[in-house]
Amino acid sequence: MSDDLETLREQTVQALAAATDLREWDAVRVGTLGKSGRLTALLKELGRMTPDERRTRGGALNRLRDELSRLIEARGQELETAALNARLAAERVDVTLPCAPDAQGLLHPITRTIEEMAAIFGSMGFQLAEGPDIESDWHNFSALNTPAHHPARTDQDTFYLPAEASGQPERVLRTQTSGVQIRTMLGQEPPIRIIAPGRTYRADHDATHSPMFHQCEGLVIEKGITLGHLKGCLSDFLRAFFQMPDLPVRFRASYFPFTEPSMEIDIGWSRRTGQIGTGGDWLEVLGAGMVHPRVLANCGLDAREWQGFAFGMGIERLTMLRHGIPDLRSFYESDVRWLRHYGTSPLSPAMLHEGL
Ligand code: DAH
């Protein structure tokens, strides 16, 4: 290579190394390969040379152009990567920093209770299940051993959707989340452990009843499940939910069409002060029982092979007890002062810090 080409090469290599950002790099690129760049100027001179001179000089120039192009390209990539890394480092979010204190918005206490239930039952191996608010009469009643004209239906008067208009089987706004039991047993093979929180509806409206409210259903189907499992599971749940390891829990015989035996579960409290956990009085908080063999049969399960228990509870009711909220209607009034008082930060999720 002739001296002037060697010099050009050296100087370009040095200039590239000295370029510390893409702007400086681009100046080197344009100054070398651009329209009036140094190498371009040399290439233009070829036109004025004799064919012999042009052949030697042209070959050398082309090789130099290829080499410099490669070097320039490589340095450009290097600087681009460096720029990206610098940006990533500068914009890195420190997830360990405490959250912004003025974060807007709080979770409604119903949402919070559902999250707490999911955390507690989740730690016992339960999964979340869902069903539709508009439910078939069959899932809501008949499959749960509550056929048409069964007296238990009158306790759960609801909103009926016209059957003819839709061409579908008779449908209701579900009066209970218990229909999710049926959907789950029909939809998956046991063993089953689910809870199903969700909206429910009844034609009721006063200080302790709302036409729309929330329930949480639970279902366990496994081999060899006994009443002992039901008692252990629900005692653990109530003690974790009320955060009282020695909360008194009482199981009292009752009746539901879809369980046999059936029971209502009470917790200890004081009727006089409203305090939970002491006082010698009992307060009913949920219904439960061993799944009725006819319900298992309706879902194609053989009661000699599979057993299980089910339970259902009112989410508003448990939330009112837990936080001392006196009136059910306040849950749906969207009074911002109430929401601020009873809401919880979405940034501190329900967790079982202390375990079960
Ligand atoms: N579905 C019942 C109700 O709305 C609650 C209930 C009781 C659910 C006993 C159950 C159960 O699964 O076993 O009153």
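Table for the structure above
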{"quantity": "Some residue of the stretch 222-239 being closer than 27 Å to residue 302 by Cα, hydroxyl-bearing (Ser, Thr, Tyr), at pLDDT 95 or above and in contact with a His (Cβ under 8 Å, 6 or more places away or on another chain)", "calculated": "no"}
{"quantity": "Residue count for the stretch 288-342, restricted to those that are touching a helix residue (DSSP H, G or I) at 6+ places or on another chain (Cβ under 9 Å), in a helix (DSSP H, G or I), in contact (Cβ under 8 Å) with a residue 60 or more places away in the chain and not basic (Lys, Arg)", "calculated": "12"}
{"quantity": "Selected residue (criterion: nearest to residue 351 (Cα to Cα)) from residues of the stretch 201-255 that are under 24 Å from the mean Cα position of the chain (by Cα) and small (Gly, Ala, Ser)", "calculated": "240"}
{"quantity": "Matching entry among 303, 310, 253, 240 (being of a type in the set (A, V, I, L, M, F, W, C) and within 25 Å of residue 174 (Cα to Cα))", "calculated": "310"}
{"quantity": "Boolean, residue 130 is crowded, with 18+ Cβ neighbours inside 10 Å, outside any helix (DSSP H, G or I) and in the same structural domain as residue 233 (by TED's automatic domain parsing)", "calculated": "no"}
{"quantity": "Which listed residue, of 317, 294, is within 14 Å of the ligand (Cβ to nearest atom) and modelled with pLDDT under 95", "calculated": "317"}
{"quantity": "The stretch 30-55 - residue that is small (Gly, Ala, Ser) and more than 60 Å from the chain's Cα centre (by Cα) and, of those, nearest to residue 1 (Cα to Cα)", "calculated": "41"}
{"quantity": "Count of the stretch 1-23 residues which are of a type in the set (Asp, Glu) and surrounded by 14 or more Cβ atoms within 10 Å (Cβ to Cβ)", "calculated": "0"}
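The values are calculated or read from the model by the stated rules, or taken from the named source; none is laboratory data. Just so we're clear, the structure is a prediction, and the values are computed from it rather than from any experiment. Please note: Cβ atoms are built from the backbone with ideal geometry, for glycine as well, and neighbour counts cover all protein chains shown.
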